[in-house]
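Every number in this text was worked out from the coordinates using simple rules, so none of it is lab data. Keep in mind that this is a model prediction, so the values were computed, not measured. Here the Cβ positions follow ideal geometry from the backbone for every residue, glycine too, while neighbour counts run over all protein chains shown.
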Amino acid sequence: MRRWLVLPVLSVMFLVAGSAPAGPAGAAPTPRLPDSMAAIGDSITRATNACCWYGDRPQSSWSTGDAGSDGVRSHYERIRARKPGITGDQHNDAASGQAVLAELTWRASWWGMR
């Protein structure tokens, strides 16, 4: 790296590092919680054949599920407990089987990511 570039780069690094929220000494800053969430994935994310029923059960998903009586404490339910404003703003766009792989592969090639 050129010498004339070192000082500006170091200055920016120190400014960014110093902009973290202040808290008790040694405590990690509290992460900001999202206002909404969505999940993509496969049959596990769709909660296919969860418990005693065949088929997709997105309400029992480990990610976006909201069935409080299923014994699964999803990421969505954990966030909602700390930030009630997210209520109802979760989306499970996962697909069982190979459908999600085909869709993501097509989108990656369409976006020029392949």
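Taking N as the number of residues in segment 26-68, what is its alpha-carbon radius of gyration divided by 2.2 N^0.38 Å?
1.56
By the scheme Lys and Arg +1, Asp and Glu -1, what is the net charge of all other residues having a beta-carbon under 10 Å from that of Asp66?
My count for the surroundings of Asp66 gives -1.
Tally Lys and Arg at +1 and Asp and Glu at -1 over the other residues with C-beta under 11 Å from the C-beta of Asn49: what net charge comes out?
Local charge sum for Asn49: +1.
7 Å from Cα along Cα→Cβ at both His75 and Asp42: what's the point-to-point distance in nm?
Computed distance between label sites His75 and Asp42 equals 1.7 nm.
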